[in-house]
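Novice: Can you keep this structure in mind? I'll have questions shortly.
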Amino acid sequence: MSTKEIVARCEQLFEDLDFSAVKQWKAAAPGRKAIGYMPIYVPREIVHAAGMLPVGVFGGGDQLEVIQGDAYYQSYICRIPRSTLELGLTGRLDCLDGMLFPSICDVIRNLSGMWQILFKDKYVKYFDLPQTYDDATGGSFYVHEMQTLRADLARLAGREITDDQLRASIAVYNDNRRAVRELYAYRAKKPWQAPTSEVYLLLRAGCVLPVEEHTRLVRQYLAQADLEKRAQRDNARVVLTGAFCEQPPLGLIKSIEMAGCYVVDDDFQLVQSYLLEDVSAAGDPLEALSRAFLHHSAQTSSKYDEKKEDKGKFLLHQVKTRGAEGVVFAAPSFCDPALLERPMLQEVLAKHKIPYTAFKYAENTGQMAPIREQAGTFADSIKLWSAA
Amino acid sequence: MNTAAAKKAVVKDDAMNLQKEMIAENYHQLARAHQEGKKISATFVPGNLNELLMCFDFVRRLPETDALQNGMRKKSGKMIMDAERDGHSEDVCTYVKSDLGMMLQGEVGPTGEAMPHPDVLLLSYTGCFTFMKWFELVRQKYGCETLMLHVPYQGDGRINPAMRDYVVNQLKDKIIPALERISGVKFDIDRLRSYMRESQKAEEDLVRVLQSAKQRPSPIDGYFGGVYYIGPIFTAFRGTPEATRFYATLRAEIEERVRQGKGPVTPEGEMAEEKYRLVVEGPPNWTSFRDFWKMFYDEGAVVVASTYAKVGGVYDFGFRHDAERPLESLAEYCLGCYTNLNFPQRIDMICKYIDEYQADGLLINSIKSCNSFSAGQLLILREVEKRTGKPAAFIESDLVDPRYFSAANIKNRLESYFQMIKQKRAAAVH
Ligand code: SF4
Ligand code: SF4
């Protein structure tokens, strides 16, 4: 497959709000089950070890007409819970046998209870992630939380989930994480060869494809992308941050690129890159997952920073290691975690003399012109600044 | 004062006056704390560990109380705008911005007295994600040491032993040693026990007061009046002898009102006739608190039970601080606060109130700032209507941002709601 064909396939998966790929996967063998998860992070290894398909649910994008979902939310709540409800209430998520709601914010938290009420026949779990990071306290709690998920899924699957199966799944996901890391590294090196609008679609394909297939697809893309030489432009290299939950429309990502920015790092699909190193596939698998989360995971706004000095470290690291010249803060409107975090990160960037710009979006933002203009001005100013 | 103004003079019962004095005295102590060599703690109302903080001689600040006091004194609007000018988004919780705005204006608290920076921020992370960002923001600006106490959410509608152990372990291994270090005071579990015994007495009396609203007429308003009743126990006073005295006085006062068959005291005197009995979900608006309340008592509407009166502890379903199991009990307290309950639990609780307090229906005051309360409230409305057959209504405002209180809209909405209740009653009779 050429990059064009790979991207076309990913785009088709991305646009398919009926989750046909999930349905096909389930239909391929009797008794198969799929479990949805919302942003930011769940240990998908446990779902995988249960023989089930983990499915990322990131709202309805800009193609879904939200009617019923709007009836549940006031105007000052972000879009993702309403479009997710719309997907559920219109039967598009019927293919999911359960939903996981990780602890990210009060909106997703409350949505977990709404799901319990509205979809009584489905398995629903609020998945609490620890905010204290020592193994003895945060770790024990987290292992227990994962153990509960494991027991619940074992009941659903009608079979035990063994340690060996978990270790095998960890290995499979390590491989996927490596592929995603390679993809990010490649894009940072040659952003003209792997535009973010393509990388993004490739990542989104990971929401619905079996992980093994997704890993292959990422590697195929990487091999292919390097063969097809594309024009290099004098764009500004930026890290995009704040878009970890409700996703911007694809058009917005394209607009930023067209305005003269190469996005060299981002937090769109953190679940795939949250764990920064390989998880040990030896020893107790849940403890290994716990250690990875506690000691080797990305910083993001819904996760507590233990010390003042830690604030912004990860973002600075992204800027430095990717060779970025500036940061674009892109946050969904009414997103408390992203918007409360922003001034703190901006202060850190200002201290390090790293330029930034900021805007808000909604998953159904239609008007790209203002954002394109803002991103364009930002790119120009970076270029001027670096020329000076 | 002319006669009209005299008539409008605010009427308050003894307990209300007493609580006002207590809160003023706390601000006084805060203002003097550093000069007197005392340390200051700040912590949030839900899951506040007041008894524990007292063991280390901290003078205790509760930033939500500061924000609401600034709101009631009409100072919060400017503070919020200052914070927005300083780079904070218009979309986020106004309690946070009011607090940050207050600090930007200098170290002056709501009463006009000095408001020194806390020496420790005890981040009781219960029932609201914004709390974490709030204290991170304060820490970023002022460098205060911050202690995270992560309290898991009751996603399955119950507290399991792992959740409780997690909180207890954090208290033992992290929070208590850090508080000892910061305060220089050694932890004494018997001291904690003695405070918890005081808490229990006050909690017992508070529950009797809140449940007095099951009477007809209700001797209290469990939302607007309730705010005064919960003030001391939800803040710096739970566990003190003053709080015990306050709740004993309050209970005696209310029991006397019940004996006399009296209705609630409002700022304009005793309410004449109880026409509507409501359950309210969501916090009140503080910037127009008095006007908001008036819209109810003018129409003869009494709030017999409110979920807001449970944010600092759900005592009416049996929880009491237990001196025999001090740390476990503190953990259960944190885990059990209203906003830490899941949706089915919140709905059950409201339906129970409607039934047990013989309410005419549910009113939701949806607060723009507060995703913890507000996200999904329209489902609560539908479910409660479906389950109880009682009418429900929805209004929107904000806590301390005066830009989001539209008196005319809210009044209209309330008037049509009262009409709706009347019609429902008439239909039930025929
Ligand atoms: S977009 Fe922000 S506020 Fe909305 S659900 Fe996601 S994290 Fe929560
Ligand atoms: S979001 Fe709600 S609970 Fe949280 S700080 Fe703001 S008002 Fe309080």
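The values are calculated or read from the model by the stated rules, or taken from the named source; none is laboratory data. These numbers come from a predicted model, not from an experiment. Here the Cβ positions follow ideal geometry from the backbone for every residue, glycine too, while neighbour counts run over all protein chains shown.
Novice: With under 19 Å from residue A:132 (Cα atoms) and not hydroxyl-bearing (Ser, Thr, Tyr) as the only criterion, which of B:145, B:203 stands out?
Specialist: Details: B:203 fails: under 19 Å from residue A:132 (Cα atoms).
Criteria check complete, one pass: B:145.
Novice: Next up: I'd like to check something: does the stretch A:101-111 contain any residue that is away from ligand 1 (no atom under 12 Å from the Cβ) and surrounded by fewer than 24 Cβ atoms within 10 Å (Cβ to Cβ)?
Specialist: The first filter runs over the stretch A:101-111 and keeps only residues away from ligand 1 (no atom under 12 Å from the Cβ), leaving none.
There is no residue in the stretch A:101-111 that is away from ligand 1 (no atom under 12 Å from the Cβ) and surrounded by fewer than 24 Cβ atoms within 10 Å (Cβ to Cβ).
Novice: Next up: Just checking, which of B:121, B:192 is within 16 Å of ligand 2 (Cβ to nearest atom) and either in contact with a strand residue (DSSP E or B) (Cβ under 6 Å, 6 or more places away or on another chain) or within 17 Å of residue B:329 (Cβ to Cβ) (or both)?
Specialist: Of B:121, B:192, the one residue that is within 16 Å of ligand 2 (Cβ to nearest atom) and either in contact with a strand residue (DSSP E or B) (Cβ under 6 Å, 6 or more places away or on another chain) or within 17 Å of residue B:329 (Cβ to Cβ) (or both) is B:121.
Novice: I want to confirm something. Restricting to the stretch A:67-95 and keeping residues that are within 12 Å of chain B (Cβ to nearest Cβ), in a helix (DSSP H, G or I) and aliphatic (A, V, I, L, M), which single residue is farthest from ligand 2 (Cβ to nearest atom)?
Specialist: A:89
Every residue, every condition in (1) within 14 Å of chain A (Cβ to nearest Cβ); (2) within 19 Å of residue B:139 (Cβ to Cβ); (3) buried (at least 23 other Cβ atoms within 10 Å of the Cβ); (4) of a type in the set (A, V, I, L, M, F, W, C), yes or no:
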residue: B:28; (1), (2), (3), (4): no, no, no, no
residue: B:36; (1), (2), (3), (4): no, no, no, no
residue: B:39; (1), (2), (3), (4): no, yes, no, no
residue: B:48; (1), (2), (3), (4): no, yes, yes, no
residue: B:71; (1), (2), (3), (4): no, no, yes, no
residue: B:81; (1), (2), (3), (4): no, no, no, yes
residue: B:90; (1), (2), (3), (4): yes, no, no, no
residue: B:94; (1), (2), (3), (4): yes, no, yes, no
residue: B:101; (1), (2), (3), (4): yes, yes, yes, no
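Novice: Does the stretch B:361-386 hold any residues that are more than 7 Å from every other protein chain (Cβ to nearest Cβ), outside any helix (DSSP H, G or I) and within 16 Å of ligand 1 (Cβ to nearest atom), and which are they?
Specialist: Start the filter on the stretch B:361-386 by keeping residues that are more than 7 Å from every other protein chain (Cβ to nearest Cβ), which leaves B:361-365, B:367, B:369-370, B:373, B:377, B:380-382, B:384-386.
Then keep just the ones that are outside any helix (DSSP H, G or I); that gives B:361-365, B:367, B:369-370.
B:367, B:369, B:370, listed by residue number.
Novice: Quickly run through the stretch B:1-34 and pick out the residues that are at pLDDT 75 or above and of a type in the set (Asp, Glu). Explain how you work it out, then say what you get.
Specialist: Start the filter on the stretch B:1-34 by keeping residues that are at pLDDT 75 or above, which leaves B:15-34.
The answer is B:21, B:25.
Novice: I'm trying to understand the selection: among the residues of the stretch B:290-313, which are out of contact with any strand residue (DSSP E or B) (no Cβ under 8 Å at 6 or more places or on another chain) and within 15 Å of ligand 2 (Cβ to nearest atom)?
Specialist: Result: B:309, B:310, B:311, B:312, B:313.
Novice: Another one. Conditions: (1) assigned to a loop (DSSP other than H, G, I, E, B); (2) surrounded by fewer than 21 Cβ atoms within 10 Å (Cβ to Cβ). Residue A:302 meets all but one. Number of the miss?
Specialist: That leaves (2) as the condition not met.
Novice: Given A:191, A:195, A:210, which one is modelled with pLDDT of 95 or more and under 17 Å from residue A:243 (Cβ atoms)?
Specialist: Numbers: A:191 fails: under 17 Å from residue A:243 (Cβ atoms); A:210 fails: under 17 Å from residue A:243 (Cβ atoms).
Step by step, each of A:191, A:195, A:210 is checked, and only A:195 is modelled with pLDDT of 95 or more and under 17 Å from residue A:243 (Cβ atoms).
Novice: State yes or no: is residue A:98 among the small types (Gly, Ala, Ser), touching a strand residue (DSSP E or B) at 6+ places or on another chain (Cβ under 9 Å) and more than 16 Å from ligand 1 (Cβ to nearest atom)? Quick ask: steps written out before the conclusion?
Specialist: Details: among the small types (Gly, Ala, Ser): yes; touching a strand residue (DSSP E or B) at 6+ places or on another chain (Cβ under 9 Å): yes; more than 16 Å from ligand 1 (Cβ to nearest atom): yes.
Considered against the rule, which asks whether it is among the small types (Gly, Ala, Ser), touching a strand residue (DSSP E or B) at 6+ places or on another chain (Cβ under 9 Å) and more than 16 Å from ligand 1 (Cβ to nearest atom), residue A:98 comes out as yes.
Novice: Considering only the stretch B:291-308, I want to know if a residue exists there that is assigned to a loop (DSSP other than H, G, I, E, B) and over 28 Å from residue B:401 (Cβ atoms). Before you say what the answer is, go through the steps one by one.
Specialist: Here is the first cut: in the stretch B:291-308, the residues assigned to a loop (DSSP other than H, G, I, E, B) are B:298-300, B:307.
From what is left, the residues that are over 28 Å from residue B:401 (Cβ atoms) are B:300.
Scanning the stretch B:291-308 turns up at least one residue that is assigned to a loop (DSSP other than H, G, I, E, B) and over 28 Å from residue B:401 (Cβ atoms).
Quick grid of which residues meet (1) within 14 Å of chain A (Cβ to nearest Cβ); (2) assigned to a helix (DSSP H, G or I); (3) touching a Cys at 6+ places or on another chain (Cβ under 9 Å); (4) basic (Lys, Arg):
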site	(1), (2), (3), (4)
B:171	yes, yes, no, no
B:175	yes, yes, no, no
B:179	no, yes, yes, no
B:185	no, no, yes, no
B:193	no, yes, no, yes
B:197	no, yes, no, yes
B:201	no, yes, no, yes
B:205	no, yes, no, no
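Novice: If you check A:375, A:350, which single one turns out to be over 22 Å from the mean Cα position of the chain (by Cα), surrounded by 17 or more Cβ atoms within 10 Å (Cβ to Cβ) and assigned to a helix (DSSP H, G or I)?
Specialist: Working: A:350 fails: surrounded by 17 or more Cβ atoms within 10 Å (Cβ to Cβ).
Answer to the check: A:375.
Novice: Restricting to the stretch B:41-58, and then to whatever is outside any loop (DSSP other than H, G, I, E, B) and closer than 16 Å to residue B:337 by Cβ, can you tell me which residue is nearest to ligand 2 (Cβ to nearest atom)? I'd like the intermediate steps shown before the answer.
Specialist: To start, the set of residues in the stretch B:41-58 that are outside any loop (DSSP other than H, G, I, E, B) comprises B:41-43, B:50-54.
Those left that are additionally closer than 16 Å to residue B:337 by Cβ: B:43, B:50-52.
Details: B:43: 12, B:50: 17, B:51: 22, B:52: 21 Å.
Result: B:43.
Novice: State the number of residues belonging to the stretch B:83-128 that are part of a loop (DSSP other than H, G, I, E, B) and more than 16 Å from ligand 1 (Cβ to nearest atom).
Specialist: 16
Novice: Something else: Name every residue in the stretch A:112-148 that is assigned to a loop (DSSP other than H, G, I, E, B) and within 15 Å of ligand 1 (Cβ to nearest atom), in order of residue number. Break it down into steps so the answer makes sense when it comes.
Specialist: Initially, the stretch A:112-148 is screened for residues assigned to a loop (DSSP other than H, G, I, E, B), giving A:119-122, A:128-134.
A:129 - this is the single residue of the stretch A:112-148 that is assigned to a loop (DSSP other than H, G, I, E, B) and within 15 Å of ligand 1 (Cβ to nearest atom).
Residues are listed down the side, and each one gets a yes or a no for (1) free of Cβ contacts under 8 Å to residues at least 24 places away in the same chain; (2) touching a strand residue (DSSP E or B) at 6+ places or on another chain (Cβ under 7 Å):
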residue: A:63; (1), (2): no, no
residue: A:78; (1), (2): no, yes
residue: A:109; (1), (2): yes, yes
residue: A:117; (1), (2): yes, no
residue: A:126; (1), (2): no, yes
residue: A:131; (1), (2): no, yes
residue: A:164; (1), (2): yes, no
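Novice: Here is a follow-up. Please go through the stretch B:128-164 and pick out each residue that is without any contact (Cβ under 8 Å) to a residue 40 or more places away in the chain and either more than 16 Å from ligand 2 (Cβ to nearest atom) or aliphatic (A, V, I, L, M) (or both).
Specialist: B:132, B:140, B:142, B:143, B:145, B:147, B:148, B:158, B:160, B:161, B:162, listed by residue number.
Novice: Something else about it: Give me the residue from the stretch A:310-335 that is more than 18 Å from residue A:351 (Cα to Cα) and hydrophobic (A, V, I, L, M, F, W, C) and, out of that set, nearest to ligand 1 (Cβ to nearest atom).
Specialist: A:335
Novice: Quick one: count up the residues across the stretch B:135-155 that are in a loop (DSSP other than H, G, I, E, B), more than 22 Å from residue A:110 (Cβ to Cβ) and at the interface with chain A (Cβ under 7 Å from one of its Cβ atoms).
Specialist: First pass over the stretch B:135-155, keeping only residues in a loop (DSSP other than H, G, I, E, B): B:143-144, B:151-155.
In the following step, the residues that additionally are more than 22 Å from residue A:110 (Cβ to Cβ) were identified as B:143-144.
If we keep only those that are at the interface with chain A (Cβ under 7 Å from one of its Cβ atoms) as well, we get B:143.
So the count comes out to 1.
Novice: Continuing with this model, one more query. Among (1) in contact with a helix residue (DSSP H, G or I) (Cβ under 9 Å, 6 or more places away or on another chain); (2) farther than 18 Å from residue B:126 by Cβ, which single condition is residue B:381 missing?
Specialist: Exception for residue B:381: condition (1).
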